[in-house]
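K.L.:
Pasting in a structure now, in structure tokens, and then I'll have a few things to ask.
The values are calculated or read from the model by the stated rules, or taken from the named source; none is laboratory data. Everything quoted here is computed from the prediction, not taken from an experiment. Cβ: placed from backbone, ideal geometry, glycine included. Neighbour counts: every protein chain shown.
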Amino acid sequence: MISLLRGLVREKEPTRLVIDCQGIGFELTVPLSTSRRLAEVGTEVEVAVESCFTREGLRLYGFLDKEEREVFRLLTSVKGIGPKAGLNLLSRFAPKEVLQIVAERKIDVIRTVPGIGPKKADNILKQLEGASPTAGSASPLLADAEAALVSLGLTRREARDRLACVQATGDMSLQELLRLALAARA
């Protein structure tokens, strides 16, 4: 999978970008927010990339930072929300704003985004409830533990519920916290 590209900007349109990496031109679809912040044609840029396989083939989506890419991944993990809707949300709102809108359950705000109707907006709120990668984590240790539990197959909500059952202390190691969380029944 392609995760990062560094090269010269050869073509730049509002939602399309071509980066020349050592003579190979990669076409990326980008949110408007990324396009606005990118340098002009002929300058070097580094872009975080999300690769998606569709019926038409491989599509690359580019972002100026990893936070944007992570929120894009989070959004496209929702059933019925594809890359286009994810890009539309990130074109309208910063990644932190998207997470805050979801956390505050502002369905009306989500519905203002092109391509997202009431049903899709409701799906986003239901499936991402409590899914902010950083929200609700009181410490880096809890954030790391939550990420580890999710990588083991738990949903973010299940991971947070299990971590809430554990009495974490300041001197506890990540391994200890994970062992207790996995043993806990939420």
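K.L.:
So which residues in the range 1-38 are small (Gly, Ala, Ser) and more than 14 Å from residue 64 (Cα to Cα)? Steps first, answer last, please.
P.N.:
Taking the range 1-38 as the starting set, the residues that turn out to be small (Gly, Ala, Ser) are 3, 7, 23, 25, 33, 35.
Result: 23, 25.
K.L.:
Could you list, in sequence order, all residues of the range 59-68 that are out of contact with any Lys or Arg (no Cβ under 7 Å at 6 or more places or on another chain), surrounded by fewer than 22 Cβ atoms within 10 Å (Cβ to Cβ) and not acidic (Asp, Glu)?
P.N.:
59, 60, 66, listed by residue number.
K.L.:
What single numbered condition from (1) modelled with pLDDT of 80 or more; (2) out of contact with any helix residue (DSSP H, G or I) (no Cβ under 8 Å at 6 or more places or on another chain); (3) assigned to a loop (DSSP other than H, G, I, E, B); (4) among the small types (Gly, Ala, Ser) fails to hold for residue 164?
P.N.:
(3)
K.L.:
List the number of the failed condition for residue 71; all other conditions in (1) closer than 25 Å to residue 150 by Cα; (2) surrounded by 19 or more Cβ atoms within 10 Å (Cβ to Cβ); (3) not assigned by TED's automatic domain parsing to the domain that holds residue 94 hold.
P.N.:
Here residue 71 clears every test but (3).
K.L.:
Take the conditions closer than 22 Å to residue 150 by Cα and either small (Gly, Ala, Ser) or outside the structural domain of residue 157 (by TED's automatic domain parsing) (or both) and apply them to residue 95. Does it pass? Even if it seems obvious, please write down each step before you answer.
P.N.:
Working: closer than 22 Å to residue 150 by Cα: yes; either small (Gly, Ala, Ser) or outside the structural domain of residue 157 (by TED's automatic domain parsing) (or both): yes.
Yes.
K.L.:
Which of the strands (runs of 3 or more DSSP E) found entirely inside the range 1-110 contain at least 1 residues meeting this: polar (S, T, N, Q)? Before the answer, list the steps.
P.N.:
Numbers: elements: 4-13, 16-21, 24-29, 44-54, 57-63.
Strands (runs of 3 or more DSSP E) meeting the threshold: 24-29, 44-54.
K.L.:
Would you please list the contacts, defined by Cβ atoms under 7 Å and residues six or more apart or on different chains, that run from a residue in the range 29-44 that is at pLDDT 90 or above to a residue that is in a loop (DSSP other than H, G, I, E, B) and not hydroxyl-bearing (Ser, Thr, Tyr)?
P.N.:
Sorted first by the residue in the range 29-44, then by its partner, the pairs are 32/14.
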